[in-house]
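See below for the structure under consideration.
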Amino acid sequence: MRKQLTFVLLASYLITFAQNNLLSSKYSDTELKKVLVTQSHFQPFPKISNREAWSKLDSTEMKLIVKQAEGYLNYNFQGIPATVMLLFQRTGDRLEHEKYSFTKRTVLSYLLLAEAYENKDRFMDQIVNGVWSICEESYWGIPAHLNQWHAGNGLPDVNDPYVDLFAAETAAMLSWIDYFVGDKLDAISPQIRTRIYSETDKRIFTPLLTSDHPWMGFNKTGRRPNNWNPWICSNWLNTALLLERDENKRAKMVEKTLLTLDQYLNPYPQDGGCDEGPHYWGVAHASLFDNIVLLNLATNNAYKSLYQNERICNMGQFIYKAQIGTEYFLNFADAPPKVAVPADLVYRYGKAIEDNKMMEFGTYYQKDSVSIDRVFVRTIFELFNHDELSKIQKQLPLPKDAWYPDIHVMMARDKDSSTDGFYVAAKGGNNDESHNHNDIGNFVVYYNGLPLLIDIGKGTYTAKTFSSRRYEIWSNTSDYHNLPTINGKQQLPGATFKATNVIYKKGNFASQLSLDIAKSYPENAGIKSWLRTLKLIRGKEVQLTDNVLLTKFESVSQHFMTCFPVEIGKKGEVIIHAKGKDFQIVYDTQKLHATVEKVEMNSPEDKGVIANWGSDIYRINFSYKSNSLKSETMYQIKEK
């Protein structure tokens, strides 16, 4: 199999972190084929014929699913017009196509689960309609991703399929339909399952075995793979294990999946910190976990030892360590401030790595009704694990301190295991991180679990978001983070724009992060050093201190972002009115002049910002009065 990899992927694989290879080095090609359960004997969940197992599922949950499916008995599985696919190229809109595509797949998920639970054939015709409609689509992914492949934006080249996130998810969905109701499909027409395999082989198996997609390894600038790698691999592995009957080809796909996953895991920070933020944890770290779970299901737990690996344990724990309060999570980069925690997935990850805090954290978010995850295997796990989660204590860990030295992220709160009082987080890193914002030295401040000084996070994704115009979006720039504009310059994107001299300290009474952010700005900004220290003095206040040495002075302005109304108070005080409680930013009026502006939001990207924070975003500006090249300024953030 290794001989079939192209030179580029193989060279990258051998050169970069090849000494690790945690997944692909565990078994040789021959050994892997021996430990794999054959496709005909692979039964990760009870078949539909096992009525006893399906009858034990939570009846309340399943009746809700059946009721939802009944509402889809007359659903029209529409084709996707070419003009809808062209919208992204023409206007930058990606939501209209996603509405067509994602809705169709969600409907099919409900129909499948309802049929598996009832086993009365009354949903089968609609399942066939859904399968056939999806098989007739020109592309299983979304047009927003086509620019990563040979034909570029616009309509897909059906003779050169590109496997993106949602093409892989679609294949996995179809493989579960084949697994659960395959015999019923054959009774209707043997052409249905034949077509499921044919389309999957053409669109997924062959392209992934014969072509190295850009998400598999390092990109052209040297950035390591992001969440696409484990997310797609988990659905590819899922599909191959369930659908491929040729055991040699099946083993080859598993092998290449493991090689590809090592491209993701080998360079990943040992601390397990997700630079894409907790919102992406579910499709990054958790997707890696999905792969390991599937491997163990298909090999009688031959990969169980991976759960004891320190990096994999750290990657799992990030989700609860990045929690601010019951509603909010740390949201640097493109992450939004609120996360839909996948209760069963988090619980299972915690159980696998033997972390009781993570298990309790997961069960805290268990809902009365099942949520249909587009990664369909998670939905099935949730159904069959419902009773187990219900017996576990529900509790939020809320650790007092957390430090991620590899990605330079500090988190600290006033009290351990409590949202009471101040919470602060700050970051260093570099400006070429996945889903990057130019935000070196940025920080957030919360109080009693609610936002005070915020990171705007992502807006609505459009054509501009992942293009050369990314930093025309105001919320991606340093000018609209809690950062300074220096001599008219803001931070620039790229790995060379980074934090230096990063020092973290923690203690019972105070925790702090110090870092020099000078190298995150261009040379013509005239900065020799900008040493920034964010300090939480527990039970009292948050302090931000900037020690600055410039080579020239034209203008300097420090910005703070908030989602609450702001006013200039008495001398040396800016007041933030936060949900019935006032806070103050205390500053030296001899050094600084304060102003407040409301951010205008009228671009397509701003819809996402408004959804996260509301329509009122304010920027507080502190302009330096002195033209001294050397200065020290302090801001104290405390209760009014």
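What is the calculated FRET efficiency for SER529 to GLU247, with r their C-beta to C-beta distance and R₀ = 41 Å, to the nearest 0.05?
It comes out at approximately 0.10.
Using the Karplus curve 6.51 cos²θ - 1.76 cosθ + 1.60 with θ = phi - 60°, what ³J(HN,Hα) values do you get for each residue of the stretch 388-401, in whole Hz, with x for Gly and Pro?
Karplus-based 3J(HN,Hα) across the stretch 388-401 equals 5, 5, 5, 9, 9, 4, 9, 7, 9, x, 6, x, 5, 9 Hz.
With 10 angstrom as the radius, rank MET601, MET173 by how many other C-beta atoms surround their C-beta, starting from the fewest.
MET601, MET173
Could you give the Stokes-Einstein D for the stretch 48-211 in µm² per second, using the C-alpha Kirkwood radius, 37 °C, 0.692 mPa s?
195
Can you give the extra length, in nm with one decimal, that the chain gains between ASN508 and ARG223 once fully stretched, where that is 0.36 nm per residue apart less the Cα-Cα distance?
Additional length available on full extension: 98.9 nm.
Provide, as a two-decimal number, the C-alpha radius of gyration of the stretch 528-640 over 2.2 N^0.38 Å, N being how many residues it has.
It is 1.17.
Can you pull out the trypsin sites (Lys or Arg not before Pro) in the stretch 200-270 that DSSP calls coil and that have at most 12 other Cβ atoms within 10 Å?
Counting only loop positions with at most 12 other Cβ atoms within 10 Å, the trypsin sites (Lys or Arg not before Pro) in the stretch 200-270 are LYS220, ARG245.
Quickly estimate the mean residue ellipticity at 222 nm for the chain, helices only: each DSSP H run with n ≥ 4 gives -39500 (n - 2.57), and the total goes over all residues, rounded to 500.
Calculated from helices alone, the mean residue ellipticity at 222 nm is -10500 deg cm²/dmol.
Along each of the three principal axes of the Cα atoms of the stretch 229-297, give the extent in whole Å, ordering the values from largest to smallest.
So the extents along the principal axes, rounded to whole Å, are 39, 20, 17.
Send over the semi-axes of the stretch 361-476's equivalent ellipsoid, whole angstrom and largest first, taken as the square roots of 5 times the C-alpha gyration tensor eigenvalues.
Here the semi-axes work out to 31, 24, 13 Å.
In whole angstrom, how far apart do the alpha carbon centroids of the stretch 440-503 and the stretch 169-205 sit?
Rounded to whole Å, the Cα centres lie 45 Å apart.
Between LEU155 and SER626, what is the FRET efficiency for a Förster distance of 51 Å, r being their Cβ-Cβ separation, to the nearest 0.05?
The pair LEU155/SER626 has a calculated efficiency of 0.30.
Pop the C-beta distance of HIS577 and ASN119 into the FRET formula with R0 = 45 Å and round what comes out to the nearest 0.05.
Once the sixth-power term is evaluated, E becomes 0.20.
Can you list the GluC sites (Glu not before Pro) in the stretch 599-640 that are in a DSSP coil and have 16 or fewer other beta carbons within 10 angstrom?
GLU600
Name the residues of the stretch 443-473 whose amide N is less than 17 Å from a point 7 angstrom out from the Cα of LEU95 along the C-beta direction?
458-466
Loop only by DSSP, 14 or fewer other Cβ within 10 Å of the Cβ. Give me the trypsin sites (Lys or Arg not before Pro) in the stretch 469-536 that pass, ordered by residue number.
Sites meeting the loop and neighbour criteria: ARG469.
If you find the alpha carbon centre of the stretch 72-102 and of the stretch 505-565, how far apart are they in angstrom?
Cα centres, the stretch 72-102 to the stretch 505-565: 46 Å.
Using 0.36 nm per residue of separation minus the Cα-Cα distance, give me the extension gain between ASN20 and ARG469 in nm, one decimal.
158.0 nm
Could you give me the radius of gyration and the Dmax of the stretch 571-621, taking only the C-alpha atoms into account and expressing both in angstrom?
For the stretch 571-621, the Cα-based Rg and Dmax read 13.9, 41 Å.
With N set to the number of residues, divide the alpha-carbon radius of gyration of the stretch 312-386 by 2.2 N^0.38 Å and report two decimals.
Normalised by 2.2 N^0.38 Å, the Cα Rg of the stretch 312-386 equals 1.09.
I need two numbers for the chain: Rg to one decimal and Dmax as a whole number, Cα atoms only, in Å.
25.9, 83
Please tell me the relative contact order of the stretch 48-211 in percent, rounded to the nearest whole number, where contacts are Cα pairs under 8 Å and at least six residues apart.
About 23 percent, as a whole number.
How big is the convex hull of the Cα atoms of the stretch 401-639, per residue, in Å³?
121
Along the charge dipole of the stretch 401-639, which of TRP613, SER626, SER603 sits closest to the positive end, that is, farthest toward it, with unit charges on the beta carbon of Lys, Arg, Asp and Glu (+1, +1, -1, -1)?
Projecting each Cα onto the dipole axis, the largest value belongs to SER626.
For ASN147 and SER189, compute 0.36 nm times the residue count separating them, minus their Cα-Cα distance, and round to one decimal in nm.
Separation in residues times 0.36 nm, less the Cα-Cα distance, equals 11.4 nm.
Rounded to two decimals, what is the ratio between the C-alpha radius of gyration of the stretch 179-246 and 2.2 N^0.38 Å?
1.42
Every number here is computed from the coordinates shown, using simple stated rules; none is lab data. Remember, predicted model here, so these are calculated numbers, not experimental data. Note that each Cβ is placed from the backbone with ideal geometry, even for glycine, and that neighbours are counted across all protein chains shown.
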